[in-house]
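The values are calculated or read from the model by the stated rules, or taken from the named source; none is laboratory data. Not measured: the values here are computed from a predicted model. Here the Cβ is made from the backbone with ideal geometry for all residues, glycine too, and neighbour counts use every protein chain on show.
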Amino acid sequence: MSRLAARRGVFEILCAEGVRFIFGNPGSTETPFLDALVEYPELEYVLGLHESAVVAMADGYARATGRPAVVSIHAAPGTANALSSLYNALRDRTPMVVMAGQQPQRVLVQDPPLAGDTVAMARPVVKWSRELSNAAELPVVLRRAFSIARFPPRGPVFLSLPKDVLEGEIEFSPEGYRPSVDRLVTAAPDTIERAAALLARAEKPLILAGPGLSFREAWRPLAEVAEYLGAPIYASPVGFPARHPQVCGVLGWDLHTLRKPLADVDLVLIAGYRMVVNDPLNPLISSGVSVVHLDDDPGEIDKNLSADVGVVGELSSALSSLRESLKGQLKGRESRYLERKEKTLASAARARRDAESALQARWDRVPIAPARAIAALDKILPDHTIVVDEAVRASPYVKQYWSSAGPGRYFYYDGGSLGWGIGMAVGAQMAWPDKRVVAIVGDGAALFGIHALWTAARRKLRVIVIILDNRSYGAVVAALVEYKGEAFKRGIYPGCDMEGIDFVALASGFGVPARSVARPEELEAALQWALSAEGPVVVHVRTDPSDLGPGHPGRPN
Ligand SMILES: Cc1ncc(C[n+]2csc(CCOP(=O)(O)OP(=O)(O)O)c2C)c(N)n1
Ligand SMILES: [Mg+2]
């Protein structure tokens, strides 16, 4: 054991946890912290120019590495700015340790500037929120922070570090420190047996495959379960390959496309999917339908749907056990399931053909149809490209037409707080310098997270940012059109239009070369140009504001 200042202790622990980057935006309350960081060249401070972008970059880094990312922000103002992206991290289960500076504890009672109850500010958007009350507790608090961030449901944690507390002393030996690990729970075998028995009896099962299946490649055993059963799959490509032959539709935010298929089932198997909101006045899943629900978070089971069987545990091993149990129970009855599988394959193929003809019908349109822009990306970018999707109303097109959309290659967010995509791509690119990361973002979304471009430029990261510019908040227009009220009748959409933003100039201002594309035949050349770049680039695509996504009537002209 040796005695050292707590501010150094922070970095000793970060090093012991295997941390390499601290994503941050600084202020004067972090002086002791920043000063000590100079002594730790193995740790690098990654500056972001707004806390929302800082946390989005950390989100990308954590989601790519699978390990908690570390963030440093400034007191109450920095915490306030970080909240929108922390909300995303919480909803998407991104492990993250966020540290915020705080005025010295001894003067906090006097309400100094920049101080505030940051622990309370952060609490609703993190798993655990805490102020360090004395230096001695630092090793316990920080170790616990990493551990909490990593156990299911994973997520961000928040620590407030008062200036004077960091200047106190701790007893610490790096050799005695045990780094955090992922703590996983194994599902109880009897719940798996019961789930398999229900599945084996179902006449018309349907599978909802969610983002949670990307963790430890849990989608692989689920695919085998689906293949045994011959059941149709509706999948979020974050967790399950969109082009699996049994995928009949993709899952995102909008669940209205699920109504029809769900109307004709007797069992739903839900795995790692948390977005089902079952409005009691208009249920998506009726009470007569059996529900088998698997998640690593016990809080998800019975939250919105009463499960007939709820399986709580790490999904990859739970689904492998389910597969084995099901194999046993289906023995001798395989032919029955083959027939079901033929039907599923035919309907999945039909859905793909319909998508293809919808694309062809929009191929030459000017302004460019968003689907056409995604098809161009699919043609030009190599299969192993990583795609980050914050395309908002065009997201369903990314899921449909980016043929490699699947776990580890496609990233999407359930948080929905705009400004995530560019930062996410920058963080993922830092984690994977040898891969190519592409962010596809709406014009509105881009402007909430544009600061991350500067970090990409400074670090010469080869991120490609595609801005789909329909000069509007299409999602809000879409909602008003569906509402069919006065706005729709008069064709006036308050607060939805934002003509006049020069994205090429904006990108250049951050040091990022950019090109603008207005006609579909220019797309391929622009994307080739982007691929050949040595640093970050922006491709600005002028898209059709009347196209509000597949299945939507669109904005009337
Ligand atoms: C921080 C934040 N503010 C506002 C919203 C509400 N909102 C949801 S989608 C959207 C429009 C997004 O516009 P854009 O990125 O251009 O995509 P489009 O809808 O045009 O496809 C808005 C304003 C939000 N989700 N998050
Ligand atoms: Mg838009």
Notebook entry, point to check: How many residues does segment 205-261 contain that are among the charged types (D, E, K, R), farther than 17 Å from ASP295 by Cα and within 24 Å of the chain's Cα centre (by Cα)?
Noted result: 2
Next item on the list: With the checklist (1) at pLDDT below 95; (2) over 15 Å from VAL10 (Cα atoms) in hand, flag the one item ARG154 doesn't pass.
Entry: (1)
Margin query: On the basis of being assigned to a strand (DSSP E or B) and surrounded by 23 or more Cβ atoms within 10 Å (Cβ to Cβ), does VAL268 make the cut?
Written below: yes
Next item on the list: Taking the residues in segment 274-293 that are in contact with a Ser or Thr (Cβ under 9 Å, 6 or more places away or on another chain) and of a type in the set (A, V, I, L, M, F, W, C) as candidates, determine which candidate is nearest to ALA226 (Cα to Cα).
Entry: VAL291
Check: Any residue in segment 515-523 that is part of a strand (DSSP E or B), among the hydroxyl-bearing types (Ser, Thr, Tyr) and either more than 10 Å from ligand 1 (Cβ to nearest atom) or at pLDDT below 95 (or both)?
Finding: yes
Margin query: touching a residue at least 24 places away in the same chain (Cβ under 8 Å), within 11 Å of ligand 2 (Cβ to nearest atom) and touching a strand residue (DSSP E or B) at 6+ places or on another chain (Cβ under 9 Å): is that true of VAL426 in this structure?
Written below: no
Notebook entry, point to check: Does TYR493 fit the bill of being among the hydroxyl-bearing types (Ser, Thr, Tyr), surrounded by fewer than 20 Cβ atoms within 10 Å (Cβ to Cβ), over 22 Å from LEU453 (Cβ atoms) and away from ligand 2 (no atom under 16 Å from the Cβ)?
Noted result: no
Notebook entry, point to check: Can you tell me which residues in segment 53-87 are surrounded by fewer than 24 Cβ atoms within 10 Å (Cβ to Cβ) and among the aromatic types (Phe, Trp, Tyr)?
Noted result: TYR87
Next item on the list: Within segment 434-450, work out how many residues are within 14 Å of ligand 1 (Cβ to nearest atom) and not in a helix (DSSP H, G or I).
Entry: 6
Check: For residues in segment 529-556 being more than 30 Å from LEU258 (Cβ to Cβ) and over 27 Å from the mean Cα position of the chain (by Cα), which is nearest to ligand 2 (Cβ to nearest atom)?
Finding: TRP529
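Given GLY511, GLY416, which one is in a loop (DSSP other than H, G, I, E, B), within 12 Å of ligand 1 (Cβ to nearest atom) and outside the structural domain of PRO156 (by TED's automatic domain parsing)?
Answer to the selection: GLY416.
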Item checked: Number of the exception - ALA431 against (1) among the aliphatic types (A, V, I, L, M); (2) more than 14 Å from ligand 1 (Cβ to nearest atom); (3) crowded, with 24+ Cβ neighbours inside 10 Å; (4) more than 20 Å from VAL504 (Cβ to Cβ) -> (3)
Note to self: I need the full set of residues from segment 494-513 which are of a type outside the set (Val, Ile, Thr) and without any contact (Cβ under 8 Å) to a residue 40 or more places away in the chain, in order please.
What the structure shows: PRO494, GLY495, CYS496, ASP497, GLU499, GLY500, ASP502, ALA505, SER508, GLY509, PRO513
Margin query: For the structure I just gave you, tell me whether GLU356 is within 30 Å of LEU527 (Cβ to Cβ), within 16 Å of ligand 1 (Cβ to nearest atom) and modelled with pLDDT of 95 or more.
Written below: no
Check: Do we find a residue being without any contact (Cβ under 8 Å) to a residue 24 or more places away in the chain, surrounded by fewer than 20 Cβ atoms within 10 Å (Cβ to Cβ) and away from ligand 1 (no atom under 16 Å from the Cβ) anywhere in segment 88-109?
Finding: yes
Checklist line | Residues satisfying the stated conditions in segment 32-71, i.e. hydrophobic (A, V, I, L, M, F, W, C), in a strand (DSSP E or B), touching a Ser or Thr at 6+ places or on another chain (Cβ under 9 Å) and more than 20 Å from SER417 (Cβ to Cβ) | finding: VAL46, LEU47
Note to self: Here is a list: ASN81, ASN25. Which entry is more than 27 Å from ASN134 (Cβ to Cβ) and assigned by TED's automatic domain parsing to the domain that holds GLU171?
What the structure shows: ASN81
Next item on the list: Being within 13 Å of VAL538 (Cβ to Cβ) and assigned to a helix (DSSP H, G or I) is the filter; apply it to segment 451-490 and report the residue that is farthest from ligand 2 (Cβ to nearest atom).
Entry: ALA457
Notebook entry, point to check: Just to be sure, is SER286 more than 30 Å from PHE151 (Cβ to Cβ), part of a loop (DSSP other than H, G, I, E, B), modelled with pLDDT under 95 and not assigned by TED's automatic domain parsing to the domain that holds THR94?
Noted result: yes
Notebook entry, point to check: Of the residues in segment 209-230, how many are touching a strand residue (DSSP E or B) at 6+ places or on another chain (Cβ under 7 Å) and either under 14 Å from ARG323 (Cα atoms) or surrounded by fewer than 24 Cβ atoms within 10 Å (Cβ to Cβ) (or both)?
Noted result: 4
Note to self: I need the full set of residues from segment 463-490 which are surrounded by fewer than 21 Cβ atoms within 10 Å (Cβ to Cβ), among the charged types (D, E, K, R) and within 9 Å of ligand 1 (Cβ to nearest atom), in order please.
What the structure shows: ARG471
Note to self: Looking only at segment 536-557, how many residues end up being within 15 Å of ligand 1 (Cβ to nearest atom), part of a loop (DSSP other than H, G, I, E, B) and either surrounded by fewer than 20 Cβ atoms within 10 Å (Cβ to Cβ) or not aliphatic (A, V, I, L, M) (or both)?
What the structure shows: 10
Notebook entry, point to check: Does ARG8 satisfy the condition of being of a type in the set (D, E, K, R) and either part of a strand (DSSP E or B) or touching a His at 6+ places or on another chain (Cβ under 9 Å) (or both)?
Noted result: no
